[in-house]
Amino acid sequence: MKIGLLGFGVVGKGVYDQVQKRGDMEVSRVLVRRSIEEIAAISTANAEDIFNDASIDTVVEVMGGLHPAFEYISAALSAGKNVVTANKAVISAYYSELTALAKEKGVALRCTAAVGGGIPWLVNLERCKRLDTVTEVSGIMNGTTNYIMDAMHAAPVAFDAILKKAQELGYAEADPSADIDGDDIRRKLTISANIAFDAKLDEESIPMFGIRTVTDGDIAAFQSRGYVCKLIATARKTENGVAAWLEPTLVDNHALEAAVPANYNLISFQSEYLGRQSYFGQGAGRYPTASNVVQDCIDILGGQRSFYADKSEPMLPDNSGVAHRYYVRTCAADAWLESITEETLGDGVVTGAVSVAEMLAWAKAHLNKDSSAFIAAIR
Ligand code: HSE
């Protein structure tokens, strides 16, 4: 296999190092903007050098971002090359276009590293679907935010300091808002739900609430009740389509999710025959993520020539049928919140069961009145 590598950042360098150790593949060209001594002999600043090189059969895109990644992946597929990417933003946003193009060209489009870093999640979701019906995908899908939450439960720690540490360790996105506000997770949920349910969800249609406003006081209150707070994404097959959302969630301290440390992820599916099956591993970082990229290349060497799902039917998530209790902390309680409040907890209150659709819409709008408000579902 001759690989054209687009990007030589955290993941690109990891892929290069792992491929260097193998005899069945080589990186023959690398697209980089600036010159890097280690790869000077095979570098180019012109992507056409890769797309027009007939000896390159597989393009590995690890640049990130939407553009020009979308154009480059499209060009590579159009040129009849297999594509492996770790880029969840581009796969989530251009899901139908890219999967259709790969199918038309009869080439592989693989993105296992896009969800769960080094966890073989998407390949096993695909495998489950060969025999079974997936009814739910859910879990902790972001290493940076789990790293932050884990640290905040271990000892009182400043949010900004621990976020900086996650950035230094190479876990965080270029703009870490994508981690702490949930966009990164929403992309991973979109891709997982699309594959699980043969759907085409628009990521923007999935409501979310991140961890930007969580405080030490919130965590202390949760721990006093035996809860651990995790940022959890869920997509569920419903009678009429799909429900999908992500929000901080209080789980019992004996729950599997509660035990997930550092930058690890825990992603699960529920299916009719298997019940729950969970995948735990490093959700971010150079070598874990690069491992899934190289594994995709090995699958292509073994004959893999497809995406993980064959269909993508447009669907709009409907969360009105899912309800649970919430912890809400705000200095600007309104009549609606007071009408559903059952008790106080620390600086916040605990509500009765409220639909996810209603609470996440309220919370999003409420941040305009109280930008420090925090909510967490109680599972
Ligand atoms: N920023 C992401 C995370 C990287 O922290 O999980 C892996 O997708």
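The values are calculated or read from the model by the stated rules, or taken from the named source; none is laboratory data. All values derive from a computational prediction rather than experimental measurement. Cβ sites come from the backbone with ideal geometry, for glycine too, and all protein chains shown count toward neighbours. When the accessible area is computed, the model is the full protein with side chains, heavy atoms only, and any ligands, DNA or RNA have been set aside. Shrake-Rupley method; radii C 1.70, N 1.55, O 1.52, S 1.80 Å.
So here's what we get for this one:
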{"quantity": "Segment 200-350 - percent of accessible surface contributed by carbon and sulfur, probe 1.4 Å", "calculated": "47 percent"}
{"quantity": "Positive-end residue, the chain charge dipole about Cα centroid, Cβ charges, pick of 211, 153, 65", "calculated": "65"}
{"quantity": "Cβ crowding within 10 Å averaged over residues, with 75-85, 59-69, 126-136 ranked highest first", "calculated": "75-85, 59-69, 126-136"}
{"quantity": "Kirkwood hydrodynamic radius (C-alpha pairs) into Stokes-Einstein, segment 1-71, 25 °C and 0.890 mPa s, D in µm²/s", "calculated": "201 µm²/s"}
{"quantity": "Distance between segment 16-50 and segment 119-138 - C-alpha centres, whole angstrom", "calculated": "33 Å"}
{"quantity": "Along principal axes, Cα extents of the chain, largest first, whole Å", "calculated": "67, 45, 35"}
{"quantity": "Radius 10 Å from Cβ of residue 290, net charge of other residues (Lys, Arg +1; Asp, Glu -1)", "calculated": "+1"}
{"quantity": "Amide H contacts of residue 307 (H built 1.01 Å from N, under 5 Å, at least 5 apart or other chain)", "calculated": "109"}
{"quantity": "Net +/- balance of residues flanking residue 345 in space, Cβ distance below 13 Å, scoring K and R +1, D and E -1", "calculated": "-1"}
{"quantity": "Solvent exposure of segment 120-259 as accessible area per residue, Å², 1.4 Å probe", "calculated": "37 Å²"}
{"quantity": "Gap separating the Cα centres of segment 85-107 and segment 297-321, nearest whole Å", "calculated": "9 Å"}
{"quantity": "Sequence-distant residues sharing a close amide H with residue 136 (under 5 Å, placed H)", "calculated": "237, 270"}
{"quantity": "Highest average packing first - 191-201, 26-36, 330-340, Cβ atoms within 10 Å", "calculated": "191-201, 26-36, 330-340"}
{"quantity": "Residue-normalised accessible area of segment 292-379, given per residue in Å² at a 1.4 Å probe", "calculated": "49 Å²"}
{"quantity": "Average accessible surface area per residue within segment 1-62, 1.4 Å rolling probe, Å²", "calculated": "48 Å²"}
{"quantity": "Karplus-derived 3J(HN,Hα), 6.51/-1.76/1.60, for each residue of segment 364-369, Hz, glycine and proline x", "calculated": "5, 5, 5, 4, 6, 8"}
{"quantity": "Residue-by-residue Karplus 3J(HN,Hα) for segment 286-291, coefficients 6.51, -1.76, 1.60, Hz, glycine and proline x", "calculated": "4, 6, x, 5, 4, 4"}
{"quantity": "Along each principal axis, Cα extent of segment 215-256, largest first, Å", "calculated": "39, 22, 13"}
{"quantity": "Per-residue ³J(HN,Hα) for segment 265-278, Karplus 6.51 cos²θ - 1.76 cosθ + 1.60, θ = phi - 60°, Hz, x for Gly and Pro", "calculated": "10, 9, 10, 10, 10, 10, 9, 5, 7, 7, x, 8, 10, 10"}
{"quantity": "For residue 25, solvent-accessible area (1.4 Å; no DNA, RNA or ligand), Å²", "calculated": "10 Å²"}
